[in-house]
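S.K.: Right, I'll just put the structure down here and ask away after.
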Amino acid sequence: MRIQIHIRTSLALFAFLLALLVAAPSGRADIVKGPILQDLRPGGVTIIWEQDNATAGTVTVDGQDYDSAVNHTLHEVVITGLEPDQLYSYTVTGDATPDEGSFRTSPADPLAPFAFVVYGDNRSYHENHVLVVDALLTAEPFAFLVQTGDMISSGEIADDWQFFFDIEYPLLKLVPLYPTVGNHEVHEGYIPGFYTDYFAPPSEESDTEAYYSYVYGNSAFLHLDGHVNVEPVLFGGFEDFDQTQHAWIIETLSRYAADPKIQHIFVATHMPPYSSKPGRTGSHAVRLLHPIFAQYGVDAVVAGHDHYLEYGVSEEGVRYFIMGGGGAPLYDNKYEDDPGYKPPEAMPWLDDGHTVLFARSVLGYTRIEIENGQVDVEIFDETNTSLHTVSWNTGDISPGPDGGVVDAGVSPQTDAAIPDPPPDPSNENGCGCRSSNAGGSATGVFELSLLALLALFWWRRRRRATAA
Ligand SMILES: [Fe+2]
């Protein structure tokens, strides 16, 4: 009798387990990266996520399903047909464990005010990276993130990207990130596939995700690639943008400058034009473009690479912001250490004429608000404490009769647009110091090397003559 009961119990348990197996959905998957918002447009957005198991996927927005037909671990779904400047909730479903988020489509009205954030150089220093992301999550709302590169330590290592997206998860499911290629995204001269897998910046007209441009409201944004699509400059050890990218930069700036709906232009690049870290030189390629940026009315260059927060202006009147306070170990900044810093008088060629107006070696980011011709910039640390503000106005415009604008278009930099060099003495963070050896130090090294070679040549000839 006891044996019969045992057999019945075992059969019942077996049947129960079988029923569970039959009832369970096949190929269930968990989302391991994302949802990641990309390429915000007036009519939609792109949503990317990665699963631990290959299944089909679906995004539901406003009651409509957008299917990712392939059974794959990586999904990229393009959402279209939405209204501009509207807040939408979405759910990622399909065979994946559901996840939710929201986004606001970009405005069709070029006069709609908005804000964006610039940050970078998280570089797999997770504890600091978390602090900066937490600050952004509690900051005033903003439309999107301009990421200046070096998100991870090694672009070819999957775990680095996993950490990055784990930390950024609560942020990137709500606001799109526009990436910039940094030297740490690059491995042996190419961009490993993780970058193009997890990001989908608008690449239709540049034909590459390494550099690209987009428009939000009345502002245009160019993200440059200073690390792969480059070529060496003879004599000097520099790298310049290659001919294809250089031609694209000129054509794109020219097109935006002529567009009546574009009032501001921002250029994102990983390496800044100047460096205040002792021993660094800044980007020769970016400095070379300053006259062109001034000609086409670029409002500001935003960059990272150097791990501090700095704001300054080139002698051509081009503003630059270095926002490398995203988490990586902070660097000394000679202007913060010595606000009166000047290049040695014996080496006047090191003076490239740029002016540093703010420098602070802390974690943080910059928030930029745009309203018509007005630009208000505020630099924050990782506790959301305001460190510095900068404003300028390129000239307000009026709405046109057809919903367009009257007399828009960017203006070349003028003296009036260039910030006054003297800082506010009451601002303890201000740093109105002139010049640097950053921009010209590589040139100085080259010239010194040439002089040394000539001296050596002269000395050897003289020695030979003496010996003879
Ligand atoms: Fe870097």
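Nothing in this text is a laboratory measurement; each read-out follows from the coordinates by a stated rule. Source: prediction; values computed, not measured. All Cβ positions, glycine included, derive from the backbone under ideal geometry; neighbour counts span all protein chains shown.
S.K.: Please state the shape class of segment 88-170: rounded when a/c is under 1.5, otherwise prolate if a/b exceeds b/c and oblate if not, all from the C-alpha gyration tensor.
M.R.: oblate
S.K.: Take every Cα pair under 8 Å in segment 50-135 that's 6+ residues apart, average their separations, divide by the length, and report that relative contact order as a whole percent.
M.R.: So the answer I get is 23 percent.
S.K.: So which lysines can residue 173 reach, going by Cα to Cα under 20 Å and dropping same-chain residues fewer than 8 places off?
M.R.: Those lysines meeting the cut-off are 33.
S.K.: Ranked by Cβ crowding within 10 angstrom, fewest neighbours first, how are 73, 355 ordered? Display every interim value, and only then the final one.
M.R.: Details: 73 18, 355 23.
Going from least to most buried by this count: 73, 355.
S.K.: What aspartates and glutamates does residue 334 reach when the alpha-carbon gap must be under 14 Å and sequence neighbours fewer than 8 apart in one chain are set aside?
M.R.: Partners found: 306, 310.
S.K.: Right, another one. For 37, 222, which order do you get if you count the other beta carbons within 10 Å of each Cβ and list the fewest first? Walk me through the numbers before you get to the answer.
M.R.: Details: 37 25, 222 22.
So the ranking, lowest neighbour count to highest, is 222, 37.
S.K.: Pull out a ≥ b ≥ c, the square roots of the eigenvalues of the alpha-carbon gyration tensor of segment 258-351, then state rounded if a/c is under 1.5, prolate if not and a/b is larger than b/c, and oblate in the remaining case. It would help to have the intermediate numbers written out before the result.
M.R.: Working: a/c = 2.40, a/b = 1.46, b/c = 1.65.
Oblate.
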